[in-house]
Amino acid sequence: MARYIGPKTKVARKFGEAIYGADKYLDKKNYPPGMHGANKRRRKLSEYALQLKEKQKAKYTYGILEKQFANLFDKASRSKGITGEVLLQLLERRLDNVIYRLGLSPTRAGARQLVSHRHITVNGEIVNIPSYSVRPGDIISIREKSKSLESITDSLASSRSSQYSWLEWDKSLLAGKFMNVPERSDIPENIKEQLIVELYSK
């Protein structure tokens, strides 16, 4: 299963944002990585460099690699609607992302592991594919044998699911419902999707 396993703080420093969540090392060194650190005189980025940086930020944020991202962009470009918005909506509909948004895991990497280790069901059926695209009306729940997992109970104790209007969480059943595909204004990620569209349009 392909995924990024390199240093996460270094990536966060590259973009100047805590894209993997709270990071005490990023707070200490909130400047780009490299041997010259904060003292290096940085050249103004070209238009292409800005577009590439935005694509990389989206890839790292959602935890997917180049081929998957290119396939999603191709699908978004063939769909009705604004390509950039559709791309972000497709990323948000990934099962691992929905698990993260529901608060079952504090990170997308953790959510991906829950899915691949067969702890998650969709409409009562076990799904172990992190890239599975959730549809409006789908019920996402924890497998009965996995409901007592410490990692899940700890994460739910500080659940964020109520923050997202397109998700509904039932505490008694430990199940969530994907209500609808979120609008761009509802997606909190700081990604300039138009730059990604311009990059692929070259």
Number of positions in region 91-135 that are touching a strand residue (DSSP E or B) at 6+ places or on another chain (Cβ under 8 Å) and under 17 Å from I187 (Cβ atoms): 10
Report yes if S201 is farther than 15 Å from A49 by Cα, more than 16 Å from the chain's Cα centre (by Cα) and not hydrophobic (A, V, I, L, M, F, W, C), otherwise no. no
With respect to A157, is the statement that it is of a type outside the set (S, T, Y), more than 22 Å from N71 (Cα to Cα) and surrounded by fewer than 13 Cβ atoms within 10 Å (Cβ to Cβ) true? yes
Restricting region 34-55 to residues that are closer than 16 Å to I191 by Cα and touching a Phe, Trp or Tyr at 6+ places or on another chain (Cβ under 8 Å), which is modelled with the lowest pLDDT? K53
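Residues are listed down the side, and each one gets a yes or a no for (1) in contact with a His (Cβ under 6 Å, 6 or more places away or on another chain); (2) surrounded by 22 or more Cβ atoms within 10 Å (Cβ to Cβ):
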{"position": "A58", "(1), (2)": "no, yes"}
{"position": "T61", "(1), (2)": "no, no"}
{"position": "A70", "(1), (2)": "no, no"}
{"position": "G81", "(1), (2)": "no, no"}
{"position": "L91", "(1), (2)": "no, yes"}
{"position": "I99", "(1), (2)": "no, yes"}
{"position": "A109", "(1), (2)": "no, no"}
{"position": "S146", "(1), (2)": "yes, no"}
So which of S201, S146, S133, S141 ends up being under 24 Å from A76 (Cα atoms) and without any contact (Cβ under 8 Å) to a residue 40 or more places away in the chain? S201
I need the full set of residues from region 85-132 which are within 14 Å of I64 (Cα to Cα) and polar (S, T, N, Q), in order please. N97, T107, Q113, S131
Look at I187 and say whether it is in contact (Cβ under 8 Å) with a residue 24 or more places away in the chain, of a type outside the set (G, A, S), touching an Asp or Glu at 6+ places or on another chain (Cβ under 9 Å) and surrounded by 13 or more Cβ atoms within 10 Å (Cβ to Cβ). yes
Which members of region 111-125 meet the condition of being more than 12 Å from L149 (Cβ to Cβ) and either touching a residue at least 60 places away in the same chain (Cβ under 8 Å) or crowded, with 16+ Cβ neighbours inside 10 Å (or both)? A111, R112, V115, S116, T121, V122
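The values are calculated or read from the model by the stated rules, or taken from the named source; none is laboratory data. These numbers were taken from a predicted model, which means no experiment stands behind them. Glycine gets a Cβ as well: all are built from the backbone with ideal geometry, and neighbour counts include every protein chain shown.
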